[in-house]
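The values are calculated or read from the model by the stated rules, or taken from the named source; none is laboratory data. In this text the structure is predicted, and so the values were computed from the model without any measurement. Here the Cβ positions follow ideal geometry from the backbone for every residue, glycine too, while neighbour counts run over all protein chains shown. For accessibility, only protein heavy atoms count, side chains too; no ligands or nucleic acids. Shrake-Rupley method; radii C 1.70, N 1.55, O 1.52, S 1.80 Å.
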Amino acid sequence: MTNQTFEQLKKTYESGRTRPLAWRRAQLNALRRLVTENRDAFVSSAMADLGKPAAETVLMELNLVAGEAQFVRNRLSLWTARHPKAMHWMLQPAAGWTIAEPKGVVLIISPWNYPVLLALEPMADALAAGNAVCLKPSELSPNTSKLLAELVPQYLDSEAVRVVEGGPKETGELLKCPFNHIFYTGGGHVGKIVMRAAAEHLTPVTLELGGKSPCFVDRTADINVAARRIAWGKFTNAGQTCVAPDYVLATSDVIEPLAGKIAEAVTRFFGSDPQHSDSFGRIINARHFDRLTALLPDPKSPATGRTVCGGNTRRDDLYIAPTVLLGVKPDALMMQEEIFGPILPILEVADAKAAVEFITARPRPLAAYAFTGSKRVRRMFEREVSCGALGFNLPLGHLISSWLPFGGVGASGMGSYHGKAGFLEFSHVKTVVGKPAVPDTLSLVYPPYDGLKKILISAVSHTPRVR
Ligand code: NAD
């Protein structure tokens, strides 16, 4: 079945159907309509999958997909045009240029935490680049997966865009096919499976992975604003956001007031009982609920951490309260793996230098944040912390822009997308060169290298290459 899907998409791609800009623009317009005309259905499916508040689905998923589709659509002529480049003087008269061509048939494998955004935003970039697309949504968000499988053929060209539902087995079957690009979003363990399978066909991959995104706060920061923004970045989607602050590193002079103010922000956002707030989501499933609750400190053993707010859980409702912790040790289990839930440990560090050392001693994160008024500290982070993206006084900001590339580095992934970066990720940038046949000025460089040529070659042997 999956092989048949691939063969059919390949046939469509090879027919040239997906190449004209008119086709691409029509698909991008249809993608916008798909999300705007089915707003309520997506809100209901994300609610059923994740208890996601309607406003979060609209703001953080549907609007971003519609915005991305429009952004790339409006710039297609520019991005697909020839871009002239200089040629070496020895080849003159000659011309050179680059042109972006589609990669071909691409596979997009998406996760459950932003089940619409992370399926359809890469889809917008892949369609803009003129590819045929196979989308495999996550089986862990089955309501949204089913909705996508129903709606995509109603809006997009079903000869060129297909949705394959399923889990590891179906994905494994798809991965056997010689796609021209694989775009995977999810955890690093499966990222390795994807990359191994891709190696078999020398298929290029984009891996949008996760990891522990740190957040530093010092006394020069506006603590009220920092607390509110950290609470928003962390507890949106119940902490199940790849670029959510995973943990906070705070200096000793701000750690207590910061923890108190984050707890205040939680009450302001979600009320005194977040379980009954319409603005707070749920954990995706019981497996992740159990994984997260096992990370919570043991109340009988204060050395494992002190709860500033939250800590209460309800398994039958997959509810974990927004939880802020102090006194968690760097070697605690929750500091060894990505938390990916509404639990925020705040650890003490001596200063910005110690924070940078703490961060750089660990795998490179998808995002890092620093709340500080100090220009020197901001420069230090920019220079020394290698991460997918860096946010000063702003978590999640880069996720929300079609102007900025979004992607990881090292353990947090490879490649990037959104806007032009996404268009290029799904394109091959082809170099084209040309030279008139007459006069044949190349005769100057043809062998044999004797007489005048010998003198000429030794005279120019130190001339740098012109770029
Ligand atoms: P997931 O379980 O939904 O898996 C992701 C995809 O991989 C799904 O489509 C799933 O069907 C497929 N898959 C699962 N097991 C597989 C296997 N054995 N073989 C082949 N395919 C398989 O999502 P997840 O991995 O739980 O996602 C959470 C992780 O993703 C977190 O680490 C998070 O930080 C990261 N993430 C990253 C981004 C980003 O943009 N960089 C965005 C969201 C999530």
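For the range 325-467, with all protein chains present and a 1.4 Å probe, just round the carbon and sulfur fraction of the accessible area to a whole percent.
Values: 4670 of 7750 Å².
After summing per-atom areas, the C and S share lands at 60 percent.
Which one, S427, P439, T360, projects farthest toward the positive side of the charge dipole computed for the range 340-467 from Cβ point charges (K/R +1, D/E -1)? Projecting each Cα onto the dipole axis, the largest value belongs to P439.
The coefficient of translational diffusion for the range 171-265, derived via Stokes-Einstein from the alpha carbon Kirkwood radius under 4 °C and 1.567 mPa s, stands at 82 µm²/s.
Could you rank W232, W403 by how accessible they are, 1.4 Å probe, largest area first? Could the numbers behind the result be given before it?
Working: W232 90, W403 185 Å².
The ordering from most to least exposed comes out as W403, W232.
Ignoring any ligand, DNA or RNA, what whole percent of the accessible area of the range 9-86 comes from carbon and sulfur when the probe is 1.4 angstrom? Could you put the intermediate results ahead of the total?
On the way: 1930 of 3680 Å².
Its accessible area is 53 percent carbon and sulfur atoms.
How far, in degrees from 0 to 90, does helix 451-460 lean away from the longest principal axis of the Cα atoms of the chain, to the nearest 10? Tilt of helix 451-460: around 20 degrees. Per-residue extension of 0.36 nm, minus the Cα-Cα distance of S272 and K176, leaves a gain of 29.5 nm for this segment. Shown is the FRET efficiency for L394 and D316, computed with R0 = 22 Å from the Cβ-Cβ distance and rounded to the nearest 0.05: 0.05. Relative to the longest principal axis of the Cα atoms of the chain, the long axis of helix 223-235 makes an angle of roughly 80 degrees.
Run through every distinct alpha carbon pair of the range 386-467 and return the Kirkwood hydrodynamic radius in angstroms, one decimal place. Numbers along the way, then the final one.
Values: mean 1/r = 0.0558 Å⁻¹.
Every distinct Cα pair counted, the radius reaches 17.9 Å.
Model label sites at R376 and S461, defined 7 Å from Cα along the beta-carbon direction, differ in position by 5.3 nm. The accessible area of D331, taken with all protein chains in place and a 1.4 Å probe, comes to roughly 120 Å². Looking at the chain, the accessible area is 45 square angstrom per residue; that uses a 1.4 Å probe and ignores ligands, DNA and RNA. The mean sequence distance of close C-alpha pairs (under 8 Å, at least 6 residues apart), as a share of the length of the chain, puts its relative contact order at 19 percent. What angle, in degrees between 0 and 90 and rounded to the nearest 10, separates the Cα long axis of helix 2-14 from the longest principal axis of the Cα atoms of the chain? Helix 2-14 sits at roughly 40 degrees to that axis.
Could you compute the FRET efficiency for A54 and R19, with r as their C-beta to C-beta distance and R0 at 35 Å, rounded to 0.05?
Details: r = 38 Å, r/R0 = 1.10.
Efficiency, from the Cβ-Cβ distance: 0.35.
By a straight-distance test (C-alpha under 16 Å), which lysines pair with K136 as possible cross-link partners, with residues fewer than eight away in the same chain excluded? Leaving aside lysines fewer than 8 places away in the same chain, those within reach of K136 are K146, K169, K176. Say R0 is 41 Å: what FRET efficiency, to the nearest 0.05, do H83 and T360 get from their beta-carbon distance? Efficiency computed from Cβ-Cβ geometry: 0.65.
In summary, the lysines within cross-link reach of K329, defined as a Cα separation below 29 angstrom excluding same-chain residues under 8 places away, comprise K212, K234, K261, K300, K353.
Got a number for carbon plus sulfur as a percent of the range 114-204's accessible area, 1.4 Å probe? Please list the in-between numbers first.
Working: 1840 of 3290 Å².
Carbon plus sulfur share of accessible area: 56 percent.
When shorter helices are ignored and each DSSP H run of at least 4 residues is given -39500 (n - 2.57), the per-residue value for the chain at 222 nm works out to -12000 deg cm²/dmol.
Applying Stokes-Einstein at 10 °C and 1.306 mPa s to the Kirkwood radius of the range 79-225, computed over alpha-carbon pairs, gives a translational diffusion coefficient of 89 µm² s⁻¹.
Any idea what % of Cα-Cα pairs in the chain are farther than 27 Å? Of all Cα-Cα pairs in the chain, 59 percent lie more than 27 Å apart.
Which sequence of H398, H189 reflects their accessible areas, 1.4 Å probe, from the largest down? Please report the intermediate quantities before stating the final value.
Details: H398 30, H189 140 Å².
Largest accessible area first, the residues go H189, H398.
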